[in-house]
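Working notes, structure below.
The values are calculated or read from the model by the stated rules, or taken from the named source; none is laboratory data. Here the structure is a predicted model, which is why all the values come from computation and not from measurement. Here Cβ is always computed from backbone atoms with ideal geometry, including for glycine, and neighbour counts include all displayed protein chains. Just so you know, the surface numbers come from the protein's heavy atoms only, side chains and all, with ligands and any DNA or RNA stripped out. Shrake-Rupley method; radii C 1.70, N 1.55, O 1.52, S 1.80 Å.
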Amino acid sequence: EATTTAAVSAGPVGVVWPAEGSTAVYEATTWEGTTFDVVASFENGVEYMGGEWTAFSFGDPEVDDEALVVYLDVSEPGIVVFKGMVGHTATLPEGQAQTEWYEDPLVLDFFALMAGSIRHEAPFYLTFTGDREFGDDMWVESTLVDLNATVESPMGPVDGNFHVSNEIGGPYIGGDTSFTHDVWFHPTYLVSRVTEMPVFSDLVVKEGWG
């Protein structure tokens with residue numbers, strides 16, 4: 001499996017970022033309960049919200065009815081910075097997409113997580129048309145659940161995951177209401193599983209990067 005020349009290590013789990021142009025396959029489940037395969041890929045240096053980011057895509061927005069693109073920065077070992085995401089789904093009118101972004105990017109420091117939870121508070125915005133529709137303050141509390149978690153995947157059990165749980169709440173989603181978004185980082189598969197995202201309620205790795 002291909003890797004970058006200067007491998008990016010995402011903290012204690014030693015996640016190695018694949019070479020640009022590599023792809024993987026994930027089993028995706030939509031919020032409506034439909035399950036199908038999507039091809040994951042990424043591209044560096046993509047313009048988004050006034051900066052350059054790595055675009056991590058689940059599905060191809062130009063081709064697929066359902067696709068999600070996450071914009072992040074993995075240039076610093078041990079840290080993943082999330083700026084926002086764009087969801088494309090057949091349930092939206094043609095030409096529209098669900099865009100969500102943080103005014104101040106969410107910084108996930110794996111080394112800091114080893115010492116305890118990380119809380120991030122910042123305005124968060126949502127649009128369906130390309131213009132800002134609404135936004136409000138939101139908080140995200142990230143907690144390390146397990147350093148060696150197992151994910152059940154179509155390939156069978158995937159061991160050695162760094163499981164991070166993110167509780168999300170604030171006025172943006174109704175004040176006292178909160179929900180949980182979980183990510184299982186893996187040294188070979190980058191992300192073995194992720195839950196509670198726009199478009200997809202669940203994404204589980206099915207074929208590794210190559």
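The listed residues are ALA115, ALA122, ALA97, ALA149, and the only one of them that is among the small types (Gly, Ala, Ser), closer than 23 Å to GLU47 by Cα and modelled with pLDDT of 80 or more turns out to be ALA122. Tell me, please, whether a residue that is open to solvent by less than 10 Å² (accessible area, probe 1.4 Å), at pLDDT 90 or above and in a loop (DSSP other than H, G, I, E, B) can be found in region 75-87. Among the residues of region 75-87, not one is open to solvent by less than 10 Å² (accessible area, probe 1.4 Å), at pLDDT 90 or above and in a loop (DSSP other than H, G, I, E, B), which makes the answer no. Being in contact with a Lys or Arg (Cβ under 7 Å, 6 or more places away or on another chain) and either among the hydroxyl-bearing types (Ser, Thr, Tyr) or on the phi > 0 side of the Ramachandran plot (or both) is a property that SER153 has. When GLU103, GLU52, GLU62 are checked against the criterion of being assigned to a strand (DSSP E or B), more than 15 Å from VAL140 (Cβ to Cβ) and open to solvent by 20 Å² or more (accessible area, probe 1.4 Å), GLU52 stands alone in meeting it. Any residue that is modelled with pLDDT under 95, open to solvent by 50 Å² or more (accessible area, probe 1.4 Å) and in a strand (DSSP E or B) - is there at least one of those in region 1-17? Within region 1-17 (the criterion being modelled with pLDDT under 95, open to solvent by 50 Å² or more (accessible area, probe 1.4 Å) and in a strand (DSSP E or B)), the answer is no, since none of the residues qualifies. Of all residues in region 40-49, those that are assigned to a strand (DSSP E or B) and farther than 20 Å from TYR189 by Cα total 4.
In region 159-182, is there at least one residue being modelled with pLDDT under 95, buried (at least 18 other Cβ atoms within 10 Å of the Cβ), at positive phi and in contact with a helix residue (DSSP H, G or I) (Cβ under 9 Å, 6 or more places away or on another chain)? So far as region 159-182 goes, yes, one or more of its residues are modelled with pLDDT under 95, buried (at least 18 other Cβ atoms within 10 Å of the Cβ), at positive phi and in contact with a helix residue (DSSP H, G or I) (Cβ under 9 Å, 6 or more places away or on another chain).
For region 26-36, the criterion of a residue being in contact (Cβ under 8 Å) with a residue 40 or more places away in the chain, assigned to a strand (DSSP E or B) and β-branched (Val, Ile, Thr) is satisfied by at least one position. When TRP31 is tested against (1) under 16 Å from GLY87 (Cα atoms); (2) of a type in the set (Phe, Trp, Tyr); (3) open to solvent by less than 50 Å² (accessible area, probe 1.4 Å), just one condition goes unmet, and that condition is (3).
Under the condition of being hydroxyl-bearing (Ser, Thr, Tyr) and over 16 Å from TRP17 (Cα atoms), which residue from region 183-210 is surrounded by the fewest Cβ atoms within 10 Å (Cβ to Cβ)? Checked region 183-210; the qualifying residue surrounded by the fewest Cβ atoms within 10 Å (Cβ to Cβ) is SER201.
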